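A.B. asks: Got a structure for you, questions after.
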Amino acid sequence: MLEILYQDDDLVAVNKPANLAVHRSAFVGPDDAFLIDMLREQVEGKLHLAHRLDRATSGVLLVARSSEVAAQLGEQFMGRTVRKRYAAIVRGWPDPEDGCIDYPLPGSRETGPRREAQTDYRRLGIIEVDIPLGRYEKQRYALVAAEPRTGRFRQIRKHFAHIHHPIVGDSQHGRGDHNRLYKQHFASHRLLLHAARLEFTHPRDGRPMSIDAGLDATWLRLLEHFNWQTAYDNWSLA
């Protein structure tokens, strides 16, 4: 069963689990489960995706209950009036502690034309763990908040890889050795990127909407282990 975060006659918001594809595409196998099919078993009526999340990413996903509402929400996303707040765990300690990654990105095809892309970020917590890896006796990681201004394909993942602080668990753009370290030592088998909040305008009556998605067991365990829970709570409640 999917966790439904909000529901009315126009919208459904769910907390998408990590490693669940939103819909059928060339990136998933024919036998995989799909969020939109699972949601149709819980919610009656027509459902239309208002936006996308990567299969590996967890968090808030908006679904419209009519094509008209989907189009209105799509205009908000295209117009960059939707505020998207993500949490991630990255390799290393980004310096400066906050800033904007401004680096043009292609679409789903790497050979396609590059378009402007900006991601604001802020460091929320840091940790150094006593686990040897390569030529380093200790490894550094950081809890970061990210807010993409634009909505390019895998933007946050590509941007943190571009500044040499890839997100832990990213098999396409990250570091395999650090991903294995998290699997072996911290039982983390997922991309550590979570869509924590969406802020937008209700397409029917213009109400300001703010929808939050809670963290899964892997995230909660890591926050406790690294003593980051307070830092995360202070950011998520702001």
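A.B. asks: Over 28 Å between Cα atoms: which of LYS84/LYS138; LYS84/LYS158; LYS138/LYS183 fall into that group?
C.D. replies: Beyond 28 Å: LYS84/LYS138.
A.B. asks: Where only protein heavy atoms count, and the probe is 1.4 Å, what is the accessible area per residue for the chain in Å²?
C.D. replies: Numbers: 12200 Å² over 238 residues.
I get 51 Å² per residue for this part.
A.B. asks: With springs only between Cα atoms under 10 Å, which of ARG115, ARG180, ARG154 fluctuates most in a Gaussian network model of the chain?
C.D. replies: ARG115
A.B. asks: Over the chain, what is the mean sequence separation of C-alpha contacts under 8 Å (at least six apart), divided by residue count, expressed as relative contact order in percent?
C.D. replies: In percent, rounded to a whole number, it is 19.
A.B. asks: Leaving out same-chain residues fewer than 8 places away, which aspartates and glutamates sit with a Cα under 16 Å from that of LYS46?
C.D. replies: ASP8, ASP9, ASP10, ASP37, GLU68
A.B. asks: Continuing with the same structure: Looking only at ALA88, ALA145, ALA71, which one moves most when the chain is put into a Gaussian network model with springs between Cα atoms under 10 Å?
C.D. replies: Looking only at ALA88, ALA145, ALA71, the biggest GNM fluctuation is shown by ALA71.
A.B. asks: Helix-only estimate, please: 222 nm mean residue ellipticity of the chain, summing -39500 (n - 2.57) across DSSP H runs of length 4 or more and dividing by its residues, to the nearest 500.
C.D. replies: Estimated from H runs of four or more residues: -6500 deg cm²/dmol.
A.B. asks: With a 1.4 Å probe and every protein chain left in place, tell me how much accessible area ILE163 has, in Å² to the nearest 10.
C.D. replies: Taking all protein chains as shown, ILE163 has close to 50 Å².
A.B. asks: Among 209-218, 191-200, how do they line up from the highest to the lowest mean number of other beta-carbon atoms within 10 Å?
C.D. replies: 191-200, 209-218
A.B. asks: Oh, and also: What part of the accessible area of the stretch 3-237, given as a whole %, is carbon or sulfur when the probe is 1.4 angstrom?
C.D. replies: Here carbon and sulfur together make up 47 percent of the probe-accessible area.
A.B. asks: A follow-up question, please. Against the longest principal axis of the chain, how steep is helix 176-186, in degrees 0 to 90 to the nearest 10, with axes from Cα atoms?
C.D. replies: The angle comes out at about 90 degrees.
A.B. asks: I'm spelling it out carefully: the read-out is volume of the Cα convex hull per residue in Å³, the candidates are [x] 143; [y] 120; [z] 135, and one was derived from this structure. Which label?
C.D. replies: [z]
The values are calculated or read from the model by the stated rules, or taken from the named source; none is laboratory data. All values derive from a computational prediction rather than experimental measurement. Cβ: placed from backbone, ideal geometry, glycine included. Neighbour counts: every protein chain shown. Ligands, DNA and RNA are stripped out before the accessible areas are found, and what is left, the full protein with its side chains, is counted by its heavy atoms. Shrake-Rupley method; radii C 1.70, N 1.55, O 1.52, S 1.80 Å.
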